[in-house]
Amino acid sequence: MSPPFPPGTTTQTITVLVNGDTTVEPDETFQVNLSNPVNASVADGSAVVTIVSDDAPVVVGPTVLPPAKAGVAYSQTFSATGGTGSYTYALSGTLPTGLTFNTSTGTLSGTPTQAGTFSFSVSATDSSPTPNMGTAFYGLIVSGPTLALPGAALPAAVRGQPFSSNRGPVSGGNAPYTFSVTGVLPTGLAISPNGVISGTPTAVGTFNFTVVARDSTSGTGAPFDVTENLTITVAESLPLAGNSTLSVGFNAPAANVALILSGGPATSLTLAAAPTHGTALVTGPTTISYQPATGYAGSDSFSYTATGPGGTSTPATVTVTVADPTITIGASGGFTAVAGMPYSQTFTWSGGSAPFSGYQVSNLPAGLSVTATTANSATVSGTPTASGTFNINASARDSSTGNGPYTVGQLFSLVVAGPSLSATPAVLPTATAGNPYQQVITATGGIAPYHVVLSGSLPAGMTFDAASGTLSGTPTQSGTFALSATITDSTGGTPASLTQSYSLVVASPVLVATPGTLAGGTAGSPYQMVFTASGGIAPYHVALSGTLPAGLSFDAASATLSAPLAHRPVWYRPIR
């Protein structure tokens, strides 16, 4: 526009035409600019013009907010009326932590974590060309949380056994939560920050305590707790009997068993199943003895239970191993014998279970055998007829049961020495020529029969019979004759042998004339006398010396004196 400015005019009113409409809108402003004055100057060529809306005001609702509770989800949508179109919202002031405001929807929502009273305002602006805005002021009351615990039943508590009880979760309030205890928990138990009471109680008794759970809500009235009064009674634990093993010796005396007991204390034991091959006895509150049956070796078992304040255990098994016996063989004497000499040896079995049977002593030399036995011994006796070294095996079977019976043998070395022979006789008796002679040559010691070989020159008239060892005959030759007798016995293996030197003396005979005295004769009568001798070796040769009476004659060939007697007899002597 071009309004006229008369000369001398310093101010001028300019009218601007404004056209109204039916749109609800807030106050509007616009700017008026003056430019290009003619014959004048403009001090301030710009002005802001406000068109005041006469529309209805924007009203924000609700009038009063419902209260909130800490830890509880909260949602409140603000509304606006009186404006045009959609609204945008704005909040000014302090909200409790946990709540947020959506400016697009006008919704206040979340879970408050702070208690107290919070003042703020909410504005709503419409969408008219000239936006209109309404504001409301509020005081939001957030009360403290209501906390609760589930109150779960406590499990049974037993000394020495793991225990666990979760006292959570906490309802109400705001996480995270913390837990604590006032009072005394059983020794060995503790509460974790998340509310689990756990551990292994080590003391028996009744314990009263309080569990305190605290949430994270801040603000007025904080902190916020919930409590739970609890009583835990810790009972004595059940005795536990564990399987165990036992090794004992053969025929061992009763001995206590190393039992495996754990858990609660045991005040008594009871045999649940007795052993089959032995005796088990309860010897004390926590001890059991076991003794194997006499003569038994092998496996055995029994079971027992343990009873205490906490109750009775399940049966436990003791597995027993009874060792095999150690059987030894002893000898009563030495192991050196002489062939041909009596020998005796007694073997005694120790250990194992008597009586023993089936005695055997093998590889004995000829002449020895088992001649007597007892419950645990065998006697070998006799006269060995063989020399050498003999590895004899003495064995017998005991009466053990179970793994038995046991046959046990042992080697022994028996040395049988060759015998010492002595010739009999040691000296040959003297022989006399013409006299019968007999002498058996044999030996003592060693094993009969003996074999005799005689060497050397025998006097005439004598012979030696090797089968009988007899030197016999009537020697017809006197003198000393050197002989050697080799005597061998009948010992098995290496026979004993002896060479004995002899000197056989054959004495000259002693002759006795027959008759000793001549018979008298009668003159004129026939006379005859035959001269002979005894002793010596026939035939005899008679020589007569001296003077014969007349009429007598001597025949040397027949040794006869004969003829009539004319003179007295003469003496004679026989001549060999």
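The values are calculated or read from the model by the stated rules, or taken from the named source; none is laboratory data. Here the structure is a predicted model, which means the values were calculated and not measured. Heads up, the Cβs are rebuilt from the backbone with ideal geometry, glycines too, and the neighbour counts pull from every protein chain shown.
Structure above, values below:
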read-out	value
Selected residue [free of Cβ contacts under 8 Å to residues at least 24 places away in the same chain and either closer than 16 Å to G61 by Cα or of a type in the set (K, R) (or both)] from F78, F137	F137
Unique match (being modelled with pLDDT under 95 and not assigned by TED's automatic domain parsing to the domain that holds S472) among G333, G382	G333
Residue count for segment 223-258, restricted to those that are surrounded by fewer than 19 Cβ atoms within 10 Å (Cβ to Cβ) and of a type outside the set (D, E)	20
Candidate set: segment 373-391, residues that are of a type outside the set (S, T, N, Q) and crowded, with 20+ Cβ neighbours inside 10 Å; chosen: the one nearest to the chain's Cα centre (by Cα)	A378
In segment 94-116, the residues that are in a strand (DSSP E or B) and among the hydroxyl-bearing types (S, T, Y)	T100, T107, S109
Among residues of segment 71-102, those that are loosely packed, with under 15 Cβ neighbours inside 10 Å and either under 60 Å from the mean Cα position of the chain (by Cα) or not small (G, A, S) (or both), counted	5
Hits in segment 367-389 - residues which are under 24 Å from D489 (Cβ atoms) and of a type outside the set (S, T, N, Q)	G367, L368, V380, G382, P384, A386, G388
Candidates Q114, Q161 - the one that is surrounded by fewer than 18 Cβ atoms within 10 Å (Cβ to Cβ) and of a type outside the set (S, T, Y)	Q161
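One line per residue, one yes/no per condition, for (1) more than 19 Å from P405 (Cβ to Cβ); (2) at pLDDT 95 or above; (3) outside the structural domain of A396 (by TED's automatic domain parsing); (4) touching a strand residue (DSSP E or B) at 6+ places or on another chain (Cβ under 7 Å):
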residue: D300; (1), (2), (3), (4): no, yes, yes, yes
residue: V338; (1), (2), (3), (4): yes, no, no, yes
residue: F347; (1), (2), (3), (4): no, yes, no, yes
residue: S369; (1), (2), (3), (4): yes, yes, no, yes
